[in-house]
Amino acid sequence: MKGDIRVTPTLEAGAPEPEHSAAAAPEQADGPAVPAPAPIRAAAIAAEIRALRRGRGLRGDVAERIGPLLRELAAGPRPAPGAWVPGDEADVRGRLAARLGALAQDLPEDLRTAILAALAVHEATRNMRTYDQRKEWAARQLDRGARTAERRIDEAQDLLAQQVAAELARQRGRPPVVAEADKWYVERFSAVFLLDGEAPEAIEQRVIRSNVDDLAELTIALDVPVDSGQPRLPLQLDVLSGGELEIVEEKARTRTQYVIRLPRPLRAGEAHEYVTKIQVLPGGQMRDFYVFRPERRCERFDLKVRFDRRRMPAWVRRVAGEDVYSYNSYDGVPADDERVSVDRTGEATQSFSELLPHYGFGLQWGWSG
């Protein structure tokens with residue numbers, strides 16, 4: 001049997017839904033006036049983004065440097081009555097990084113890399129302490145000098161500011177509701193992918209936290225890549241604890257949507273744990289990675305892959321903040337410093353924090369090289 005194993009779970013959300021509004025509430029005749037929101041000007045947003053490039057970027061203490069427009073973006077839509085709104089600075093910083101990362105997806109690849117590196121949002125630059133270090137890294141990725149990298153960062157910054165301006169205008173122009181993807185988020189996700197049994201299976205444990213009152217069900221999805229002309233990999237998802245599987249619906253050739261009914265409705269701010277098992281049924285091959293691509297906020301992801309010690313991979317590498325095309329088409333052999341070790345029991349482990357939505361995080365392995 002060829003070692004061609006690939007699982008790409010995106011169990012944190014259904015298909016992304018449109019963002020909803022952050023329109024200001026009208027003034028009350030007998031109460032204090034509600035301050036008018038700052039005018040939406042792309043140049044002002046670009047200046048706010050530039051202020052975040054210094055030091056450790058969005059990985060540092062930027063509480064005093066987040067401008068009003070970017071703070072509004074981080075807050076998202078004006079919450080509906082009963083919605084829980086976290087307000088600590090660490091949460092604002094994480095939400096802003098996630099929203100800027102998502103909006104940057106529409107930029108050309110070189111500009112996206114440049115601005116995410118400058119802000120320390122790119123996985124490879126998150127531990128770099130200075131802007132100059134991140135700029136030099138971006139220059140190497142672009143195969144250009146530092147001055148050219150600076151120009152690319154500035155260009156990307158201006159385009160990202162335009163994206164932010166458009167998003168803020170949409171937020172202000174829509175009614176105050178809670179988007180489906182904002183009703184809850186993943187506080188901690190732990191997965192164990194077992195390759196040493198009769199068939200591969202994943203045990204996945206999640207602690208989620210509700211942002212609204214009366215959250216009674218979770219809509220999640222499982223994506224399975226399918227090669228042209230090949231049948232879809234047969235999988236089965238079971239809820240082991242913390243809920244009951246209520247609806248299974250095929251949304252596309254590569255996506256199945258599930259609705260899990262919770263034991264009782266959750267209050268805003270309340271946490272809940274549930275555990276699922278995904279089994280690979282006979283009759284299909286998977287590719288060589290287990291990658292989680294969050295579609296909503298996820299604070300921490302811990303992954304363990306246990307290989308069959310009778311058939312160990314030649315290498316294992318960390319996938320951190322890669323787009324789907326990067327790890328889906330990866331056919332190289334990683335350098336020694338990019339590899340992840342496998343212990344004597346056949347297990348490889350990695351952890352990730354403050355995951356960037358719509359990017360892949362996990363482990364990939366190969367059988368030669």
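For this structure, a couple of remarks:
- Spacing of the two label points (7 Å from each Cα toward its C-beta) at Val324 and Arg65, in nm: 3.4
- Mean-position separation - Cα centroids, the stretch 303-329 and the stretch 161-221, in angstrom: 24
- Potential extension, Arg41-Ala146 segment - 0.36 nm per residue separation minus Cα distance: 34.9 nm
- Net lengthening on full extension, Ala90/Ala216 (0.36 nm per residue, minus Cα-Cα): 42.6 nm
- Counting beta carbons within 10 Å around each of Asp110, Asp132 and listing the fewest first gives the order Asp132, Asp110.
- Residue order, fewest to most surrounding Cβ atoms within 10 angstrom, among Ser190, Ser329: Ser329, Ser190
- With each label modelled as a point 7 angstrom along the Cα→C-beta vector, the Val333-Asp106 pair spans 4.3 nm.
- Placing a label point 7 Å from the Cα of Arg300 along the Cα-to-Cβ direction, the residues of the stretch 183-222 with a backbone N closer than 20 Å are 184-193, 203-211.
- Legend: ranking of residues Thr349, Thr113 from fewest to most surrounding C-beta atoms inside 10 Å; resulting order Thr349, Thr113.
FYI, it's all coordinate maths here, none of it is from the lab. A quick note: this is a predicted structure, and the numbers were derived from the prediction, not measured. All Cβ positions, even for glycine, are placed from backbone atoms using ideal geometry, and neighbour counts span all protein chains on display.
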